[in-house]
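First comes the structure, then the notes that go with it.
The values are calculated or read from the model by the stated rules, or taken from the named source; none is laboratory data. Because the structure is a prediction, the values reported are computed rather than measured. Neighbour counts run over all protein chains shown; Cβ positions are idealised from the backbone, glycine included.
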Amino acid sequence: MKRKSFVLVLLLTALLFLGAGCSMTQPSGESPSAPDSRTQEMDEEASNDSTINEFKRETSEISQKVDTVVPIENDMNEKTQQFNEIMQRINTLDQKIDNYENQIEADYQNQKLSERDYKVAKMDIEKADDDLGAVKENLENKFAMDD
């Protein structure tokens, strides 16, 4: 008798949970492929981080070059050449950052990036751009030249 009561209570509890909407199905709004999409988001975040880290590394290398270069003051052509060589590296990296920013915006527009990931990427890009801008300003001040 006790066993039948226990089974009945267990069955009623299970029915109560099912009736309340508790089930083993995906939450509303989530497709069965949601775990794959989260994995894809994590891959995109890692890719974004590695891209931003590459920008930081390149900016650091250029900054070290600016810090160590000694402008050749007595030869304006040589001084200009020194300046232009470093400025070319800055401009190349600046273009890479701009291209990456355009890609991030396109990914967001095409719903390949969540709003949160987009905002984080935009903040990282702005920081990378600001850091490179500071290196450029340092170069211009050191050489007393403007590009």
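Of the residues L139, L93, only one is under 24 Å from Q64 (Cα atoms) and within 20 Å of the chain's Cα centre (by Cα); which?
L93
Taking the residues in the stretch 120-147 that are of a type in the set (V, I, T) and closer than 18 Å to S50 by Cα as candidates, determine which candidate is surrounded by the fewest Cβ atoms within 10 Å (Cβ to Cβ).
V120
Say whether the condition of being touching a Ser or Thr at 6+ places or on another chain (Cβ under 8 Å), among the aliphatic types (A, V, I, L, M) and modelled with pLDDT of 95 or more is met by at least one residue in the stretch 59-78.
no
Considering only the stretch 107-127, I want to know if a residue exists there that is modelled with pLDDT of 95 or more, in contact with a Lys or Arg (Cβ under 9 Å, 6 or more places away or on another chain) and among the small types (G, A, S).
Scanning the stretch 107-127, I find no residue that is modelled with pLDDT of 95 or more, in contact with a Lys or Arg (Cβ under 9 Å, 6 or more places away or on another chain) and among the small types (G, A, S), so the answer is no.
Just the residues that are in contact with a Leu (Cβ under 9 Å, 6 or more places away or on another chain) and aliphatic (A, V, I, L, M), please, taken from the stretch 136-147.
M145
Across the stretch 51-66, what is the number of residues that are surrounded by 11 or more Cβ atoms within 10 Å (Cβ to Cβ) and free of Cβ contacts under 8 Å to residues at least 40 places away in the same chain?
7
So how many residues does the stretch 104-117 have that are in a helix (DSSP H, G or I) and surrounded by 14 or more Cβ atoms within 10 Å (Cβ to Cβ)?
Going residue by residue through the stretch 104-117, those that are in a helix (DSSP H, G or I) are 104-109, 115-117.
Going one step further and asking which of them are surrounded by 14 or more Cβ atoms within 10 Å (Cβ to Cβ), we end up with 104-105, 107-108, 117.
Total meeting the criteria: 5.
Consider only pairs whose beta carbons are under 9 Å apart and that are at least six residues apart or on different chains; among these, list those whose first residue lies in the stretch 106-119 and is closer than 13 Å to N48 by Cα and whose second residue is surrounded by 12 or more Cβ atoms within 10 Å (Cβ to Cβ) and among the β-branched types (V, I, T).
Listed by first residue and then by second, the contacts come to L113/I104; D117/I104; Y118/I104.
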